[in-house]
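The values are calculated or read from the model by the stated rules, or taken from the named source; none is laboratory data. The structure displayed is predicted, hence computed values, not measured ones. Glycine also receives a Cβ, built like all others from the backbone with ideal geometry; neighbour counts cover every protein chain displayed. With ligands, DNA and RNA removed, areas are computed over all heavy atoms of the protein, side chains included. Shrake-Rupley method; radii C 1.70, N 1.55, O 1.52, S 1.80 Å.
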Amino acid sequence: PHSAAHSKVHQDYIDEKEKEINDKNSSEELENSPSNMGKYNAKIEGLWLVIEVNDNVIDPHSFKFKRPSLDFNTSKQIAVGHDGCNSFNISFKVSENTISFDQMLSTLMACNENVEITDAVRKSLSGKNLTFKIENSKMFLTDGNIEVMTLLQQNY
């Protein structure tokens, strides 16, 4: 039989482990709570113009239709955008400084201008998990350690 002192030590150990588990669970809940997600969503909400993609600086005057852009609706978790030729929409989820994009749904117009840019916009986003950083109204999207896109926030 165990002594009363041994049982007390054992119970204290169990209580400590339960507290660690509860603390871990509550910090995970806080991290993924709507109010905390709101903090990240608020940063990306709205219209952003693509100003650079895969090291190609975008000349806004070289697009016949619309210049490449991305308009984030964080409450619906859908971004509507334009690659310079086709319009698209894409579902996304934000977690801390990561945006996970689903596959893109796009119109299928054939364009001869800026093909490299329009392809790069689609390929940089569709099905990707990208890290984002926002500084001075610019959002930098990186895939691993490669910067794939820079966007400029537009004020409505």
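Looking only at the stretch 46-74, how many residues end up being assigned to a loop (DSSP other than H, G, I, E, B) and touching a helix residue (DSSP H, G or I) at 6+ places or on another chain (Cβ under 8 Å)? Don't jump to the end; show me each part of the working.
Narrowing the stretch 46-74 to residues assigned to a loop (DSSP other than H, G, I, E, B): 54-55, 58-59, 63-68, 74.
Restricting the remaining residues to those that are touching a helix residue (DSSP H, G or I) at 6+ places or on another chain (Cβ under 8 Å) gives 54, 58, 67-68, 74.
The qualifying residues number 5.
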Could we say that ILE58 is buried (at least 19 other Cβ atoms within 10 Å of the Cβ) and farther than 17 Å from PHE101 by Cβ here? yes
Which pairs turn up if I take residues in the stretch 54-82 that are more than 19 Å from ALA42 (Cβ to Cβ) and look for partners that are of a type in the set (Lys, Arg) and open to solvent by 80 Å² or more (accessible area, probe 1.4 Å) with beta carbon separation below 6 Å, at least 6 apart in sequence or on another chain? HIS82/LYS66
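Tally up the residues in the stretch 101-139 that are outside any loop (DSSP other than H, G, I, E, B) and surrounded by 14 or more Cβ atoms within 10 Å (Cβ to Cβ), please. Walk me through it before giving the result.
Of all residues in the stretch 101-139, those outside any loop (DSSP other than H, G, I, E, B) come to 101, 105-106, 115-125, 129-135, 138-139.
Narrowing the set further to residues that are surrounded by 14 or more Cβ atoms within 10 Å (Cβ to Cβ) leaves 101, 106, 117-125, 130-132, 134, 138-139.
Qualifying residue count, the stretch 101-139: 17.
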How many residues, within the stretch 90-100, are within 14 Å of SER126 (Cα to Cα) and buried (at least 16 other Cβ atoms within 10 Å of the Cβ)? 3
List the pairs whose first member sits in the stretch 111-123 and is in contact (Cβ under 8 Å) with a residue 24 or more places away in the chain, whose second member is assigned to a helix (DSSP H, G or I) and open to solvent by 30 Å² or more (accessible area, probe 1.4 Å), and whose Cβ atoms are under 9 Å apart, counting only residues at least 6 apart or on separate chains? GLU113/SER62; ASN114/SER62; ILE117/SER62
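Whether any residue in the stretch 54-61 is within 17 Å of LEU152 (Cα to Cα) and under 15 Å from the mean Cα position of the chain (by Cα) is what I want to check.
Initial filter on the stretch 54-61 (within 17 Å of LEU152 (Cα to Cα)): 54-61.
This time we only want the ones that are under 15 Å from the mean Cα position of the chain (by Cα), so: none.
There is no residue in the stretch 54-61 that is within 17 Å of LEU152 (Cα to Cα) and under 15 Å from the mean Cα position of the chain (by Cα).
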Quick one: count up the residues across the stretch 29-48 that are modelled with pLDDT of 90 or more and open to solvent by 30 Å² or more (accessible area, probe 1.4 Å). 2
Taking the conditions exactly as written (in contact (Cβ under 8 Å) with a residue 60 or more places away in the chain, of a type in the set (Phe, Trp, Tyr) and part of a strand (DSSP E or B)), does PHE88 satisfy them or not? no
If we keep only residues of the stretch 75-85 that are part of a strand (DSSP E or B) and either crowded, with 18+ Cβ neighbours inside 10 Å or modelled with pLDDT under 95 (or both), then the residue farthest from the chain's Cα centre (by Cα) is HIS82
Restricting the search to the stretch 144-156, which residues are open to solvent by 60 Å² or more (accessible area, probe 1.4 Å) and farther than 21 Å from ASN73 by Cβ? GLY144, ASN145, ILE146, GLU147
